[in-house]
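Read the figures in this text as sums done on the coordinates, not as results from a lab. Everything numeric here is computed off the predicted structure, so don't read it as measured data. Glycine also receives a Cβ, built like all others from the backbone with ideal geometry; neighbour counts cover every protein chain displayed.
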Amino acid sequence: IDLDRLGIHDSVDAVFPPAELADFLADLPFDVGVVGDDDIESCDAIVTLEHRDAFLDLDWVHSIQAGVDRFPFDEFDERGVVLTNSTGIHDRTIGETVAGYLLAFARRLHDHVADQGDRRWERPAWNEAFTLPGTTACVVGTGTLGGGVADVLGALGVRITGVRRSAEPVPGFEEIYATDDLHEAIADADFVIVTVPLTEDTYHLFGAEEFATMREDAYFVNVARGSVVDEPALIDALEDDALAGAALDVFETEPLPEDSPLWGMDEVIVTPHCAAYTRDYFRDVGDIVRENVDRFDSGDELRNRVV
Ligand code: NAD
């Protein structure tokens, strides 16, 4: 690929100011600038959050997200457009966010934040609060997110088990199950944490059967993609007290509609798809882009190539 102009699409503004990344990459030996939908065709390559059909005329598209389920792989393939993603950078951010959810549930912090809004002084019941050591978290998906979650929760004394497509061991996970044995893996866990990409295989991986398999005092966490979970089935399980609660960063419809019952549930923490946010996000993405520019030059295989 011969690069004359790399665009930073203004859709990345949902995560960081596009100009920050353009400045960070300004020393590259070609033009780097922020572009809107009107000047996509002035570029050979683009860094983006969202997909646009006009990208199919470019040579290279880099997604600032790890999940690339919004891009039409077949069309990229047919048109010879290279697609790369930003997996590999979200281990610590997601790990700390998930630790925050678990600490909130264990130490009842979400209750107190809610009470504070009403100026209400109310202590938990004697048997509500607990500590994390001795609990087990089953992490479904042992890639970057899963590894980061295992790392941070492991340091807090949580026993970590994992689910991946094969049952091969992974460092940081005490026990690994194959996805075929998902029910066995989640049946005894205090926390089930979903960190898989959304694919044909993982669409609605969690539904009524899985929530029935989990313990009634277990918490469910989804930081992957909304459609990995059958959301109405999750709502039913929460309403029926078949689960203790849930922390959700991603939803089948985003933004989460105002009339979703999830907003009003005491034992549900809703975050607006921001579990990986950090003020260093543009630098982490910029490092991948820079590395791939070098690899284009040297003819090496690209980092994080998807198509
Ligand atoms: P990754 O490629 O490093 O890891 C994904 C892991 O899931 C891999 O180990 C893969 O083998 C495994 N996997 C795939 N299909 C599976 C299946 N059927 N059963 C079990 N395991 C399976 O990607 P990552 O960086 O860890 O990101 C994972 C996903 O998390 C992304 O695709 C994205 O959708 C989501 N994500 C969400 C946020 C957020 O803001 N909440 C941030 C980053 C990523």
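Details
- When the chain is reduced to its Cα atoms, the Kirkwood hydrodynamic radius in Å: 20.8
- Region 159-286: Rg to Rh, with Rh as the Kirkwood radius over Cα pairs: 0.98
- Packing around the peptides 72-80, 54-62, taken as the average count of other Cβ atoms within 10 Å per residue, puts them in this order, highest first: 54-62, 72-80.
- Sequence-separation-based contact order of the chain, relative, with Cα cut under 8 Å and 6+ spacing, percent: 15
- Relative contact order for region 1-149, counting Cα pairs under 8 Å that sit 6 or more residues apart, in percent: 18
- Across region 227-307, Cα-Cα pairs farther apart than 22 Å form 49% of the total.
- Values of log10 I(q)/I(0) for region 59-98 across q = 0.34 Å⁻¹ run -1.14, by the Debye formula with one identical scatterer at each alpha carbon and no solvent.
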